[in-house]
Amino acid sequence: MPETTHAAFTVLPSLPALSAQAERLVELGVHELAGLPAAELRTFAAAAEAPAGREDALLAVHPDRAPASALAPLLRRDGNQGFVVTDMSDVDLFAPLDTVALPDAPLYLLTGLDRGDRMANWSPNEALPALTAEARTPLLITEGIHWVMQQPSVLERNHCFMTIGSRLRKADGALDARTPALWISNGTGRDGRERRNAPKVGWCWAGNRHTWLGFASATGRLVQDV
């Protein structure tokens, strides 16, 4: 396993307040994708924000309500629309790992987000047990998209991230070797030049290392007692 190359956790700009995050989701029409009234997002955010402010939590919609294929095109970076790579047409079949417990609710919070820069040049197979040992939970694809939706600057050249909480199971029960990630397109190959600098949902092999990909994780997911 490679050594960590950064300080323990990367300091990123604070997330918007939860009420502002709710407004952003409503502005993008995420509530309609999820079949939720806009008022429900606003009420949830206001209630979650009230006790002690709940600074730096991320408001997320359950992936069963708003799948990755619908959320990715809502991403923007310098005016460029987000997209899913062409060889990941099955993106919505990537489901939470058995060790990732999702709240049984349409809306929830993620706390203690980290981009995982310290694990750059680790493989997903190496990073997952390390995150587990730290009592951290890897982000899902949809959660990573929500993060970039609210904080586009979290994707930087040479500092992007994987979302290894989502994996695809094959018919025999084994995990597909692809592991999802979010990064910035170079506009090459099948992406097309018109997509240069666009936020991109793609994948890497579970056993491969990439110097420019960390492993996004959180300390927990909350619905009640927020």
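The values are calculated or read from the model by the stated rules, or taken from the named source; none is laboratory data. Nothing here was measured: the structure is a model prediction, and the numbers come from that model. Virtual Cβ from ideal backbone geometry, glycine too; neighbours counted across all protein chains shown. What goes into the accessible areas is simple: the full protein's heavy atoms, side chains included, and nothing from ligands, DNA or RNA. Shrake-Rupley method; radii C 1.70, N 1.55, O 1.52, S 1.80 Å.
For this structure, a couple of remarks:
- Cβ-Cβ contacts under 7 Å between residues 6 or more apart (or on different chains), taken from a first residue in the range 69-84 that is part of a helix (DSSP H, G or I) to a second residue that is among the aromatic types (Phe, Trp, Tyr), are listed as 72/83; 73/83.
- Check on residue 93, within 17 Å of residue 202 (Cα to Cα), surrounded by fewer than 17 Cβ atoms within 10 Å (Cβ to Cβ) and under 17 Å from the mean Cα position of the chain (by Cα): yes
- Residues of the range 133-173 that turn out to be touching a Pro at 6+ places or on another chain (Cβ under 7 Å) and closer than 13 Å to residue 200 by Cα, as a count: 6
- Count - residues of the range 173-220 that are outside any loop (DSSP other than H, G, I, E, B) and open to solvent by 40 Å² or more (accessible area, probe 1.4 Å): 8
- Restricting 162, 149, 119 to those that are in contact with a strand residue (DSSP E or B) (Cβ under 9 Å, 6 or more places away or on another chain), touching a residue at least 40 places away in the same chain (Cβ under 8 Å) and under 17 Å from residue 95 (Cβ atoms) reduces the list to 162.
- Pairing residues of the range 201-222 that are more than 12 Å from residue 138 (Cβ to Cβ) and charged (D, E, K, R) with residues that are open to solvent by 40 Å² or more (accessible area, probe 1.4 Å) and assigned to a loop (DSSP other than H, G, I, E, B), at Cβ distances under 6 Å and at least 6 apart in sequence or on separate chains, gives 209/121.
- Filtered by the rule that a residue be of a type in the set (A, V, I, L, M) and open to solvent by 20 Å² or more (accessible area, probe 1.4 Å), the range 106-129 gives 113, 128.
- Of the residues making up the range 184-196, none is modelled with pLDDT of 95 or more, polar (S, T, N, Q) and out of contact with any Asp or Glu (no Cβ under 6 Å at 6 or more places or on another chain).
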